[in-house]
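Accompanying notes for the structure given below.
The values are calculated or read from the model by the stated rules, or taken from the named source; none is laboratory data. These numbers were taken from a predicted model, which means no experiment stands behind them. Don't worry about glycine lacking a Cβ; one is built from the backbone with ideal geometry, like all the others, and counts go over all protein chains shown. In case anyone asks, the SASA skips ligands and DNA or RNA and just uses the protein heavy atoms, side chains included. Shrake-Rupley method; radii C 1.70, N 1.55, O 1.52, S 1.80 Å.
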Amino acid sequence: MTGTVTHYLAEEDKSDWQNLPKFIATLQDWDAFKEALFREYPSARKPFISSADLDVFAKEKSKQEILTLDDYALFHREFRRLATRLEKEKNIPDFCLNKAYESSIHPNLHDKIFFLPA
């Protein structure tokens, strides 16, 4: 585990991680090591995600115009990151995620996308 866990770390971080007692004492126990890391880096622990977080995201994003492809790509990545975590934690059905995705898009762009002339 030592090589895998610390392979991409900067030397300073690598040294810090390797000096954690759980690193040496429990090489095969990833959960114990992970908890030791969270104690060392408390802000690294991501808070629990709820469907209310998705609603807040959708409301905020629907007010922001998407003017470029880069803007859309950023929006899409942010949404997918949130939706993937929510899907894993809460088992949210796809139709709810699709509805949230559509409602997250600014109304002007939404109309251009969904009401294109045939």
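Descriptive notes on the structure:
Here's the yes/no breakdown for (1) touching a Cys at 6+ places or on another chain (Cβ under 6 Å); (2) open to solvent by 50 Å² or more (accessible area, probe 1.4 Å); (3) part of a helix (DSSP H, G or I):
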{"position": "GLU60", "(1), (2), (3)": "no, yes, yes"}
{"position": "GLU65", "(1), (2), (3)": "no, yes, no"}
{"position": "PHE79", "(1), (2), (3)": "no, no, yes"}
{"position": "PHE95", "(1), (2), (3)": "no, yes, yes"}
{"position": "LYS99", "(1), (2), (3)": "no, yes, yes"}
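- Number of the condition not met by ARG45 [criteria: (1) at pLDDT below 75; (2) of a type outside the set (Phe, Trp, Tyr); (3) in contact with a helix residue (DSSP H, G or I) (Cβ under 7 Å, 6 or more places away or on another chain); (4) open to solvent by less than 80 Å² (accessible area, probe 1.4 Å)]: (4)
- Where a residue in segment 82-95 is closer than 19 Å to LYS61 by Cβ and its partner, wherever it lies, is open to solvent by less than 60 Å² (accessible area, probe 1.4 Å) and of a type in the set (Gly, Ala, Ser), with Cβ under 8 Å and at least six apart: ALA83/ALA100; LEU86/SER50; ILE92/ALA83
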